[in-house]
Amino acid sequence: MIDIAASAAPAIPADRDRVQVWDLPLRLFHWLLVGTVALAFVSAEEGSGLGQWHIAAGWIAAVLIGFRLLWGFIGGQHARFASFVRPGKLAEHVLGLLRGRVAPSLGHNPLGGIATLVLLVAVAAVVWTGAGLIGGGEAGEELHEGIANALLVLIGLHVAAVVLMSVLSKENLVAAMVTGRKMRAKHPRAVDAVPAAGVALPVAALAIAAGAYGVLQIDGQAFTPGARAEAADTEAAGGEEGDND
Ligand code: HEM
Ligand code: HEM
């Protein structure tokens, strides 16, 4: 099979000990998503001092998901859906795992590719049902909370799978998601990932700006955490005055 990466990669790798896998935008996306989703969960707790951040955190996660969908088409080699959505390889991969065979994978392995899609869809579903709650109304709250709880389970499985695969494949996957690189010793024939085209970054920046603008059209106070609380206070105070009349 002809490897497109091989033809496009530089002849002399930049780092002889490590091979480039995840591009910087993908890594930033991942850790920002972890931060915003964690903040959304912590701030959702009743009585949380961070309560006013819940909706802003959720909306930022929404913009991040939008970015990731685009990056799946225009990003670096291993960020592209075409490189890791490989249902045809799933059975072989899972059977191998059951037999204790763990083939090191440069990008997402076939199971990890599916997990990626499931996590993205789950975050999007939580945001979607959360957005439906804006403007009051209790309807849909249980659905939002239910999907959020399902997401929590998925995240637990995700972290457990990352740790398990790191141990089985003797490769630190978390470090790879931080540095973007994997040890070349584990992938002797691998070549550095083909980076995204130069135009991809400005296109993604525009898409992020458009996404944030779109969110503001739906919810003008999306990124102004204090405003909603102040408005609610004013409303409550106004209501009391009205009662006294
Ligand atoms: C809110 C919690 C989290 C969410 C929503 C989340 C989501 C994701 C997603 C969507 C991907 C696929 C990356 C891509 O877009 O291609 C991914 C990959 C990854 N995540 Fe997370 N993640 C979470 C927490 C964590 C934590 C706490 C760790 C560290 C222990 C972690 C480690 C990784 C690693 C190492 C990968 C790459 C897996 C591979 O090599 O195939 N994630 N995560
Ligand atoms: C990753 C994103 C999100 C996560 C993980 C998340 C999680 C949660 C959870 C667990 C609850 C239940 C809190 C409880 O125990 O009562 C909740 C409530 C709620 N969420 Fe979200 N959420 C997210 C995004 C959003 C977004 C984007 C919005 C709005 C645009 C939103 C609006 C709400 C509202 C209005 C409630 C009801 C709060 C209340 O109890 O009064 N959420 N969310």
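Points to keep in mind about this one:
- Condition met for SER43 (out of contact with any strand residue (DSSP E or B) (no Cβ under 7 Å at 6 or more places or on another chain), surrounded by fewer than 22 Cβ atoms within 10 Å (Cβ to Cβ), part of a helix (DSSP H, G or I) and hydroxyl-bearing (Ser, Thr, Tyr)): yes
- Any hit, region 143-158, residues being of a type in the set (A, V, I, L, M, F, W, C), under 24 Å from ARG18 (Cβ atoms) and surrounded by 13 or more Cβ atoms within 10 Å (Cβ to Cβ): no
- Against the numbered list (1) among the hydrophobic types (A, V, I, L, M, F, W, C); (2) surrounded by fewer than 16 Cβ atoms within 10 Å (Cβ to Cβ); (3) touching a Leu at 6+ places or on another chain (Cβ under 7 Å), LEU168 comes up short only at (3).
- Cβ separations smaller than 8 Å between residues 6+ apart or across chains give the following pairs from region 212-228 residues that are within 13 Å of ligand 2 (Cβ to nearest atom) to residues that are of a type outside the set (Phe, Trp, Tyr) and in a loop (DSSP other than H, G, I, E, B): VAL215/ALA222; LEU216/ALA222; ILE218/ILE134; ASP219/ILE134; ARG228/GLN221.
- PHE81 being out of contact with any Lys or Arg (no Cβ under 9 Å at 6 or more places or on another chain) and not charged (D, E, K, R): yes
- Those helices (runs of 4 or more DSSP H) of region 70-182 in which at least 2 residues are more than 12 Å from ligand 1 (Cβ to nearest atom), considering only elements entirely within it, cover 90-98, 110-131, 141-169.
- Members of region 9-29 that are at pLDDT 95 or above and buried (at least 17 other Cβ atoms within 10 Å of the Cβ): ARG18, VAL19, GLN20, VAL21, TRP22, ASP23, PRO25, LEU26, ARG27, PHE29
- Condition met for LEU33 (touching a Leu at 6+ places or on another chain (Cβ under 7 Å), surrounded by 14 or more Cβ atoms within 10 Å (Cβ to Cβ) and in contact (Cβ under 8 Å) with a residue 12 or more places away in the chain): yes
- Selection count where residues are closer than 28 Å to GLN52 by Cβ and either among the polar types (S, T, N, Q) or touching a residue at least 12 places away in the same chain (Cβ under 8 Å) (or both), scope region 195-211: 3
- Looking across region 22-45, just one residue is over 15 Å from LEU151 (Cα atoms) and near ligand 2 (Cβ under 8 Å from one of its atoms), and that is GLU45.
- Region 166-176 - residue that is aliphatic (A, V, I, L, M) and closer than 23 Å to ALA38 by Cα and, of those, nearest to ligand 2 (Cβ to nearest atom): VAL174
- Of everything in region 46-65 that is in a helix (DSSP H, G or I) and more than 10 Å from ligand 2 (Cβ to nearest atom), the residue that is nearest to the chain's Cα centre (by Cα) is VAL63.
- Contacts under 7 angstrom Cβ, first residue in region 117-142 being without any contact (Cβ under 8 Å) to a residue 12 or more places away in the chain and charged (D, E, K, R), partner away from ligand 1 (no atom under 15 Å from the Cβ) and not in a helix (DSSP H, G or I), 6 or more apart: GLU141/LEU133
- Residue count, region 36-78 (criterion: without any contact (Cβ under 8 Å) to a residue 24 or more places away in the chain and among the β-branched types (Val, Ile, Thr)): 1
- Checking each residue in region 174-201 for being under 12 Å from SER105 (Cβ atoms) and buried (at least 16 other Cβ atoms within 10 Å of the Cβ) picks out ALA176, LYS182, HIS187, ALA190.
- Qualifying residue in region 93-101 (condition: surrounded by fewer than 13 Cβ atoms within 10 Å (Cβ to Cβ) and in contact with a Lys or Arg (Cβ under 9 Å, 6 or more places away or on another chain)): yes
The values are calculated or read from the model by the stated rules, or taken from the named source; none is laboratory data. What you see is a predicted model; the values in this text were computed from it and never measured. Cβ atoms come from the backbone with ideal geometry, glycine included; neighbour counts cover every protein chain shown.
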